[in-house]
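Step one of this worksheet: look at the structure below.
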Amino acid sequence: MKITILDGYPLNPGDLSWEYLEKYGDLTVYERTAVADIAQRAAGATAVLTNKVPLDASVLAQLPDLTYIGVLATGYNIIDIAYARERGIVVTNVPGYSSQSVAQLTFALLLELCHHVQRHSDRVKEGKWSQSLDFSFWDYPLMELSGKTLGIIGFGDIGKQVADIATAFGMQVVAHSRTETDQSHRANFQWVGLDELLGRSDVVSLHCPLTPKTQGLINIDTLAKMKTSAFLLNTSRGPLVEEESLAAALNAGKLAGAGLDVLSAEPPCADNPLFTAKNCLVTPHIAWATKEARARLMGTVEENLKAYMGGRAINVVNP
């Protein structure tokens, strides 16, 4: 069996190994693949693994030998699922591998907004502490999380882990989700409607999937319902947020700060309005990318391929 990985570098830039897949067939790994080269590079492959390289109907139609697509991520919107199902091509994904890492970065962003750690460290290195008349100084407001309310939109694995961390910080948690599961074990938790969540929360954190209903969920109208002292966090999907509206709210003082790991276009345009917005942190889609999370992802990639070859496919997204 010929196995082709179209864009292996983001998942494994060299600190992990692809050797474990070689026992399943003739493996070829490309670091990146341009759209124009997809059909040529995937020609003759029975299995194609892709992270962000799209496989639409026009490309899949050129790959008659293809019977399996392994998505090297959780989201699979890059695949024409309907056409793959029509062709009998099995498509699998990797759910849940990065929950711990995403929850961790969510709070890394929040804690930076609360204490401005990097900014204060920079001031120290610039000599401001050495020149201070007092033993302590701060250039930015400092905020304690205990007693504050965290609003979580989307309450899957990541949302639950964020709630667990919030509890450790002494925060109250309100949540809004398509499905309201039993959370009676949480003394600090309440299900609420979206408008109530936006109005009550000191911090709003997005952990919902991108769907037609959630695209642009954070917009000029929903931002107006938030406290002017509130923070917005997005470690989920970039298009959940209308970036022009968020930048305008931050610059007008209608929102205290924001931390985002995802943007509507990735890589983003250099003139993205959030890059110059007040008190806005932007990290380059790294929440998923700890070595531990990537190792878990690669382990599931093998499990998916092995199960498919054994006739009992798992994590199938187009049954």
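Report summary: the helix-based calculation at 222 nm, which adds -39500 (n - 2.57) for every DSSP H run with n ≥ 4 and divides by the residues of the chain, gives -8500 deg cm²/dmol.
Straight Cα distances below 13 angstrom link Lys148 to the aspartates and glutamates Asp202, with same-chain residues fewer than 8 positions distant left out.
In this structure, Gln131 and Arg85 have a Cβ-Cβ separation that, at R0 = 51 Å, corresponds to a calculated FRET efficiency of about 0.15.
Once you reduce segment 72-113 and segment 137-203 to the center of their Cα atoms, the two points are 23 Å from each other.
Within straight-line reach of Lys52, meaning a Cα separation under 26 Å, sit the following lysines at least 8 residues removed in sequence or on another chain: Lys2, Lys23, Lys213, Lys291, Lys306. Our Cα-only numbers for segment 1-149 put the radius of gyration and Dmax at 23.6, 74 Å. The angle between the Cα long axis of helix 291-309 and the main principal axis of the chain comes to about 30°, on a 0 to 90 degree scale. With neighbour counts taken as other beta-carbon atoms within 10 Å, the residues His185, His285 rank, fewest first, as His185, His285. With both labels modelled 7 Å from their Cα along Cα-to-Cβ, the Glu303 to Glu244 distance reads 4.4 nm.
Which of the peptides 186-198, 123-135, 166-178 is most tightly packed, and how do the rest follow, going by the mean number of other Cβ atoms within 10 Å of each residue?
166-178, 186-198, 123-135
Note on the chain: Cα convex hull, mean projected area over all directions, 19.1 nm². Here segment 99-282 has an Rg and Dmax of 16.8, 55 Å, counting Cα atoms alone.
A short reminder: the numbers here are calculations on the coordinates, not readings from a lab. Just so it is clear, the model here is predicted, and its values are computed rather than measured. Quick reminder, even Gly has a Cβ in these numbers, built from the backbone with ideal geometry, and neighbours come from all protein chains shown.
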